[in-house]
Amino acid sequence: MVLTGVILAKLLHSFVPIVPYSVGLILWSVAIGALHKGTDYGLGLLSHSITQWVSIDPHLLLYVFLPPLIFGDSMSMNVHAAARAFWQIFLLACPGVVLGTVLMAVVSKCLLPYGWDWNVCLCFGSILAATDPVAVVGLLKNMGASPKLTMLVAGESLMNDGTAIVLFTLFLNMSKGEVYTGWEVLQYFCKVALGGPALGLLFGLAGLLILGMMGKQEDHLSVTCQIALTIALAYGAFFWGEHSARVSGVLCTVTAALVLAFWGWPFFGSRRTVEIIWHTIDFLFNTVVFMLAGVIIGVAARSSTVEAADYGWVIMLYLCATLVRAGMVALLFPALTRIGWGCSPKECVVLWWGGLKGAVGLALAIIVDETEEEGEVDTKHKNMTFLVGGVAVLSLLINGTSCEWLVRRLGLATASEAKRRILAYVRDKICDKATRQYDELAESDEFADHSKELVRRWCTVLRRENFCLCPDDPKPAVGESGGSDSELMATTREVFLQATQAGYWELKERGELPGGNASANAMHILLQAIDEAQDRTATGLYDWERVEAEMGFVRHGFFRGLGDKMSWLLSLIHI
């Protein structure tokens, strides 16, 4: 699976870059699954392998693949940005998911000819309410879309999986015959929704304490143990939350990861190594999940329980799910524009169109089908895996492939005029410096016999082609048309703060900052000061104000003596 995914990713990137990796992967897997079923398992060893994978327990699918995926995404988040967008994410992922569940249940009850009762319809609606826009999030990052839009899409995806699973569990239990009063439903939601983050906070603080103990030495073994700790934390938080404590495992895992994202990064011996390892885990697990989902959908499409009319109902369900999401975003639009970061109409269009369906919904659908086979739920012998999988494929194929065009059409990936002017100026300076250094080398005896034409052919920076301004172009200056002085100054401050933050990380990676927890706490203060200062670039640079306030807090009282032992606790108390 992984080898196939690697080859496919390279081919798509080289020849069909418009098709996201996850879209190409699931289409290829659907074809393989359909061929496997159509040939009556006649693909030899491949069919034997597919048979084993298709029969995977859906709970195993959730417990093995979901924790590292949501933990990795959460740990890579900018917590300061996530906190600003929290109430927007909450609206989309909680009331939005509840509304989507109810509306899709009404669609299922009124339009589908299967005769499901309301509990099954609500269960089906909760499955289709879960989103998995991994292709859209990657696309937005690659296109340079605003951090606000990327945060809203990614944050909603993480939280609404937890909400959808909670609703699914409730309605599945009701489909099995369990009865809940209104008070019991409220208690259930409070326990699951509040207990998950509370337990996740404990896991995150425990992980942070262990991480701090390991961070006192920055050798190879310590870095290896730190990475192993994050992986164990991902699985431990999900398992204890979902299985042992009976709360939301998704919210528990997300909260634990956010604790590490906020306080933990400075404690890692090598931030770059941790990022590479988790990006690799994300690629491997997404590859396996999408290939497995595609094969399951392909096999389900050739199942005896699927009739020709069901293909038409899949298209109808996709259209209804798209309209329902549009209605949900439109209904929440007034609130989304007034809280947090705000949200423009164009950004709401991307939020609507980017609500792709994925592996979480498919795993929940498989659970329903297995429960139906055991006689606990009556779905009228309809293959829910096929219905949900068909909607997922259509959303990936249509929404996933057209989202890049939509973002560009709406102008959401276009840099501001001020940023373009700054970038052009910096590139021009790079060209000038590279040209001067080349001229100095060319005049030296060591390179006296080199071919200038060959060097300029391969070094585009020396030709100033597709890299920077032409020599005759005027350099950007404050006051030119296309952007005000205040906008240019704010953008300059933003770029300066980003460069300063990158400089802090470079000093740490080069080992120029002392090791130990006290140093990690100082690094945390510097990074958070940059994040907060970026919110106020319109009026000035305020990063050092936060640093002075934090250091003043550490200097006073008995906290001064804690030093290297409990420095991470100082940040927690102050926050």
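Worth a mention:
- Boolean, L469 is assigned to a loop (DSSP other than H, G, I, E, B) and either surrounded by 13 or more Cβ atoms within 10 Å (Cβ to Cβ) or modelled with pLDDT of 80 or more (or both): yes
- Residue in segment 446-458 that is under 30 Å from L140 (Cα atoms) and either open to solvent by less than 30 Å² (accessible area, probe 1.4 Å) or of a type outside the set (S, T, N, Q) (or both) present: no
- Any hit, segment 397-406, residues being closer than 21 Å to G312 by Cα, open to solvent by 40 Å² or more (accessible area, probe 1.4 Å) and assigned to a helix (DSSP H, G or I): yes
- Residues located in segment 333-362, provided they are under 19 Å from the mean Cα position of the chain (by Cα), in contact (Cβ under 8 Å) with a residue 24 or more places away in the chain and not in a loop (DSSP other than H, G, I, E, B): E347, V349, V350, L351, W352, W353, A359, V360, G361, L362
- Residues of segment 263-284 that are of a type in the set (A, V, I, L, M, F, W, C), open to solvent by less than 20 Å² (accessible area, probe 1.4 Å) and either assigned to a helix (DSSP H, G or I) or touching a Pro at 6+ places or on another chain (Cβ under 9 Å) (or both): F267, V274, W278.
- Residue satisfying all of: in segment 37-73; closer than 21 Å to I7 by Cα and part of a helix (DSSP H, G or I); most open to solvent (accessible area, probe 1.4 Å) among these: L45
- Residue check, T379 open to solvent by 10 Å² or more (accessible area, probe 1.4 Å) and of a type in the set (V, I, T): no
- Scanning segment 368-396 for residues that are within 18 Å of C121 (Cβ to Cβ) and assigned to a loop (DSSP other than H, G, I, E, B) gives E376, V377, D378, T379, K380, H381, K382, N383.
- Check on V185, among the hydrophobic types (A, V, I, L, M, F, W, C) and buried (at least 19 other Cβ atoms within 10 Å of the Cβ): no
- The single condition among (1) open to solvent by 50 Å² or more (accessible area, probe 1.4 Å); (2) touching a residue at least 12 places away in the same chain (Cβ under 8 Å) that L221 does not satisfy is (2).
- Exclusive hit being surrounded by 13 or more Cβ atoms within 10 Å (Cβ to Cβ) and either in contact with a Ser or Thr (Cβ under 6 Å, 6 or more places away or on another chain) or without any contact (Cβ under 8 Å) to a residue 24 or more places away in the chain (or both), set L167, L152, L139: L167
- Lone unmet requirement of (1) of a type outside the set (S, T, N, Q); (2) within 29 Å of V368 (Cβ to Cβ); (3) exposed (fewer than 14 other Cβ atoms within 10 Å of the Cβ) for F15: (2)
- Test: residue in segment 502-514 that is aliphatic (A, V, I, L, M), at pLDDT below 75 and touching a helix residue (DSSP H, G or I) at 6+ places or on another chain (Cβ under 6 Å): yes
- Search result, residues across segment 224-258 that are open to solvent by 10 Å² or more (accessible area, probe 1.4 Å), more than 18 Å from V64 (Cβ to Cβ) and part of a helix (DSSP H, G or I): T224, C225, I227, L229, L251, T255, L258
- Only residues that are out of contact with any Ser or Thr (no Cβ under 6 Å at 6 or more places or on another chain), open to solvent by less than 60 Å² (accessible area, probe 1.4 Å) and either outside any helix (DSSP H, G or I) or farther than 11 Å from L387 by Cβ (or both) were counted in segment 285-308, giving 13.
- Check on F290, of a type in the set (F, W, Y), over 16 Å from Y63 (Cβ atoms) and touching a residue at least 60 places away in the same chain (Cβ under 8 Å): yes
The values are calculated or read from the model by the stated rules, or taken from the named source; none is laboratory data. Keep in mind the model is a prediction, meaning the values are calculated, not measured. Methodologically, a virtual Cβ is constructed for each residue, glycine included, from the backbone with ideal geometry; neighbour enumeration extends over all protein chains shown. Please note that ligands, DNA and RNA were not included when accessible areas were found on the heavy atoms of the full protein model with its side chains. Shrake-Rupley method; radii C 1.70, N 1.55, O 1.52, S 1.80 Å.
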